[in-house]
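I have placed the structure first, in the form of structure tokens, so that the comments after it can refer back to it.
The values are calculated or read from the model by the stated rules, or taken from the named source; none is laboratory data. What you see is a predicted model; the values in this text were computed from it and never measured. Don't worry about glycine lacking a Cβ; one is built from the backbone with ideal geometry, like all the others, and counts go over all protein chains shown.
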Amino acid sequence: MSSLIFYMIILGLVGILLHYTEDRLFNFLENVINIKLKKSRCSSLDCFTYRGLSLFLILIGIIFCVFMYIPLVIDSSNFPVFIGFIFMFVYPQVVMFIRKNTFNESSISYNCLGHYPRNMIEKCTGYCPMWYWLFSLMVAGSSTVWGFSMLNFSSIPISISLVILFSGLFFQTFILFPDFINKFVSVDMRTIKGLKLMLIISIILSITLIALRISLITFFL
């Protein structure tokens, strides 16, 4: 526990350092990869483009996972759960960064409404990476990480671990395709109302995955 607290303090200090150097860092990255990452020189999340926000969260996720290596792998001797944390925190943003035609500012449009938003729930946020990262985290925390962690214990049949792992990974990835979901629902997923629907979907998926995990463990162990 003491080592975990120590590494969390170090992680906080790294976060502070990143906060004060992010403008120079992202200016450098913009020149290297030729992608607009920040709309202006400032330090809030609103300053990032959607692609820049994805990249920023990838860096945060990687830093977090690096500092979780010792408490998870060295102290707890559970390397699979460390891989699970990578899939939980980094994988969603990598998918969204690659899906550049979906997770960008061009998804912010009122054309689907046919009119200017009449209330807050019609406000268009587009496919914002921050929200879908949080939804994916919810699903991953319910199943994906557990599946990876169970691979570390010989007393748990590997088949159970793989079912939990891949079911979590499948639905975690499903959350990252809101443009696909948008084709089959009457609500525009790019609006606040759409985000509320996605939250409900994420909660249902999380509860389903938790129930699946408990039932499999109860039945086979």
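Can you work out which of the residues in segment 140-149 that are touching a residue at least 60 places away in the same chain (Cβ under 8 Å) and touching a helix residue (DSSP H, G or I) at 6+ places or on another chain (Cβ under 6 Å) is surrounded by the fewest Cβ atoms within 10 Å (Cβ to Cβ)?
Narrowing segment 140-149 to residues touching a residue at least 60 places away in the same chain (Cβ under 8 Å): 141-149.
Now restrict to residues that are touching a helix residue (DSSP H, G or I) at 6+ places or on another chain (Cβ under 6 Å): 142-149.
Details: 142: 25, 143: 27, 144: 29, 145: 24, 146: 20, 147: 25, 148: 26, 149: 22.
Per the criteria, the residue is 146.
So which residues in segment 156-187 are free of Cβ contacts under 8 Å to residues at least 24 places away in the same chain and of a type in the set (Val, Ile, Thr)?
158, 181, 185, 187, listed by residue number.
Could you list, in sequence order, the residues of segment 182-208 that are closer than 29 Å to residue 160 by Cβ, surrounded by 14 or more Cβ atoms within 10 Å (Cβ to Cβ) and either among the hydroxyl-bearing types (Ser, Thr, Tyr) or more than 17 Å from the chain's Cα centre (by Cα) (or both)?
202, 206, 208
If I ask for residues that are within 19 Å of residue 39 (Cβ to Cβ) and outside any helix (DSSP H, G or I), which ones from segment 66-101 would you list?
Residues of segment 66-101 within 19 Å of residue 39 (Cβ to Cβ): 93, 96-97, 100.
Hit for segment 66-101 is 100, nothing else.
I'd like the full set of residues that are buried (at least 17 other Cβ atoms within 10 Å of the Cβ) and more than 20 Å from residue 142 (Cβ to Cβ), limited to segment 64-88.
67, 71
Whether any residue in segment 50-62 is over 13 Å from the mean Cα position of the chain (by Cα), under 20 Å from residue 28 (Cα atoms) and buried (at least 21 other Cβ atoms within 10 Å of the Cβ) is what I want to check.
Here is the first cut: in segment 50-62, the ones over 13 Å from the mean Cα position of the chain (by Cα) are 50-52.
When the remaining residues are screened for being under 20 Å from residue 28 (Cα atoms), the result is 50-52.
If we keep only those that are buried (at least 21 other Cβ atoms within 10 Å of the Cβ) as well, we get 50, 52.
There is at least one residue in segment 50-62 that is over 13 Å from the mean Cα position of the chain (by Cα), under 20 Å from residue 28 (Cα atoms) and buried (at least 21 other Cβ atoms within 10 Å of the Cβ).
Given 44, 77, 54, which one is of a type in the set (Gly, Ala, Ser) and at pLDDT below 85?
On the way: 77 fails: at pLDDT below 85; 54 fails: at pLDDT below 85.
None of the other options fit; the residue is 44.
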